[in-house]
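To keep things clear, I will list the structure first and then write my remarks on it.
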């Protein structure tokens with residue numbers, strides 16, 4: 001049989017099979033959407049195809065197809081496998097999309113996210129140098145398909161475990177299911193296979209046997225690291241793949257100049273970027289598309305979500321960056337600080353025990369211990385603005401929306417509800433009162449206060465807050481005028497009320513007199529009728 005041309009080997013289409021039901025995952029989501037290190041497992045396979053610069057990307061979908069299509073929207077063509085009848089049947093679903101494609105077809109799987117780019121590049125190189133029509137990836141391990149070779153050591157066929165004899169079950173070389181095959185051979189082989197097996201399904205593995213029988217050249221590339229071809233079908237396998245991927249991610253960061261004090265206890269998502277000379281201490285979890293600059297120090301047991309830390313930031317320990325935060329160069333965040341959807345300008349700091357939510361903070365701002373940006377009113381979130389070099393004292397509450405202008409100073413213990421102008425000192429707290437001896441009297445360690453002498457008024461009970469005499473203060477002429485006006489107004493109201501009451505009494509008296517006169521007239525008439533003689 002003729003082989004594909006060298007020019008055809010350079011062109012490649014990637015075909016990803018992602019229609020499996022995933023029943024053993026016990027999930028309402030499509031299996032390929034379950035995440036490994038913050039990225040759906042299908043996305044790993046998709047990125048491999050993009051890195052190989054495949055001319056076409058076809059994804060065969062089944063259950064949860066709409067969710068899968070949203071994930072890969074704009075970068076792939078989707079075909080639906082409504083009824084799952086095996087891997088061969090899944091590949092057949094893509095035939096209409098690839099019939100006009102003359103080149104190699106790389107068959108991958110949406111639930112095999114650990115394959116490395118280097119492995120697939122080796123497959124392409126082997127196909128090119130050997131002139132093979134089909135290159136298959138093989139490995140050892142718990143993989144069902146056995147690779148059967150002839151007496152000369154050439155690949156003869158693949159047999160699935162359920163269809164294998166005892167001798168075939170003992171074969172160590174297993175088929176991973178990853179193939180790089182010329183399009184001419186693929187469609188011819190699929191047309192020739194049938195479902196005459198125990199499962200009643202069409203196996204893409206049967207294309208290998210067809211190729212051997214028809215004289216095509218078949219090569220197998222042995223994969224030393226068998227964990228690359230781990231297929232995920234259960235939650236346990238998902239966790240195993242997660243550990244493997246996390247080890248790879250951490251090793252890659254360390255190779256790029258990042259110090260991980262304890263890689264085994266450090267979790268970093270696949271999308272995270274970290275600059276050189278940064279240090280990550282044990283127990284940290286960094287997720288999403290977080291970007292960390294150079295010379296950043298993330299101390300122990302911190303949680304960082306989808307945020308940005310510029311060069312020279314110090315963060316933690318025991319602190320939390322919720323999504324959409326930006327810590328600019330030189331920011332220092334201490335222990336037990338939480339930020340959410342906030343920006344901290346260069347050189348700003350919060351040493352401990354602070355919550356900063358929905359705030360735009362300028363440069364060189366200091367947040368004291370226990371300060372809180374109160375961003376939620378029970379119905380909606382509001383934003384606070386803090387200008388450069390403002391000082392936020394201990395236990396200050398900023399009730400958003402509020403603006404603190406540059407160089408403002410907020411006194412400790414204040415609850416700020418109004419804007420504070422530049423260079424102003426804002427104080428918003430109640431006056432302190434000391435009731436001397438109150439505790440001793442309450443606990444019976446001291447006699448109660450003596451009653452006041454006659455004419456001094458009643459003595460306050462223990463626990464009562466005595467009235468505080470108001471200090472005399474000088475009143476401005478403006479205030480005096482305002483007071484007089486208020487008193488005059490009150491006087492007018494009282495006079496009007498008194499007049500109205502007097503008029504009402506007068507009306508009532510007149511009504512009473514009329515009623516009395518009427519009653520008297522009625523009584524006289526009745527008396528006269530009684531005295532009149534009877535005729």
| request: Please report the Cα spread of the stretch 157-225 along all three principal axes, rounded to whole Å, starting with the longest. | output: 33, 32, 19
| message | Could you work out [θ]222 nm for the chain from helices alone, using -39500 (n - 2.57) per DSSP H run of at least four and dividing by all its residues? Round to the nearest 500 deg cm²/dmol. | response | -9000 deg cm²/dmol
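Hull surface divided by four, with the convex hull built on the Cα atoms of the stretch 259-426: how many nm²?
Projected area, direction-averaged: 8.5 nm².
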| task | Could you state the angle between the C-alpha long axis of helix 41-51 and the longest principal axis of the C-alpha atoms of the chain, as a value from 0 to 90 degrees rounded to the nearest 10? | result | 60
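At a Förster distance of 45 Å, what's the computed FRET efficiency of residue 336 paired with residue 51, Cβ-Cβ distance as r, to 0.05? List each step's numbers first, then the result.
Numbers: r = 42 Å, r/R0 = 0.93.
Efficiency at R0 = 45 Å is approximately 0.60.
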| remark: The convex hull of the Cα atoms of the stretch 8-229, divided by residue count, gives a volume in Å³ per residue of 127
| field | For the stretch 123-280, the spread of Cα positions along each principal axis, largest first, Å | value | 58, 35, 28
| When DSSP beta bridges are limited to those with both residues in the chain, what percentage is antiparallel, rounded to the nearest 5? | 20
| request: For the chain, report the translational diffusion coefficient in µm²/s to the nearest whole number, using Stokes-Einstein at 4 °C, 1.567 mPa s, and a Kirkwood Rh over Cα pairs. | output: 41
| remark: Protection proxy (average C-beta count within 10 Å per residue), highest first, orders 263-269, 80-86, 154-160 as 154-160, 263-269, 80-86
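What does the extension gain come out to for residue 192 and residue 259, with contour length at 0.36 nm per residue minus their alpha carbon separation? Display every interim value, and only then the final one.
Working: separation 67, 0.36 × 67 = 24.12 nm, distance 5.57 nm.
Once the chain is fully extended between residue 192 and residue 259, it gains 18.6 nm.
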| field | Bins of 10 Å from zero: percent of alpha-carbon pairs in the stretch 198-319 | value | 12, 33, 20, 14, 11, 9, 1
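Every number in this text was worked out from the coordinates using simple rules, so none of it is lab data. Note that the coordinates shown come from a computational prediction; the quantities given were computed from them, not determined experimentally. Note that we place each Cβ from the backbone using ideal geometry, even for glycine, and neighbour counts take in every protein chain shown.
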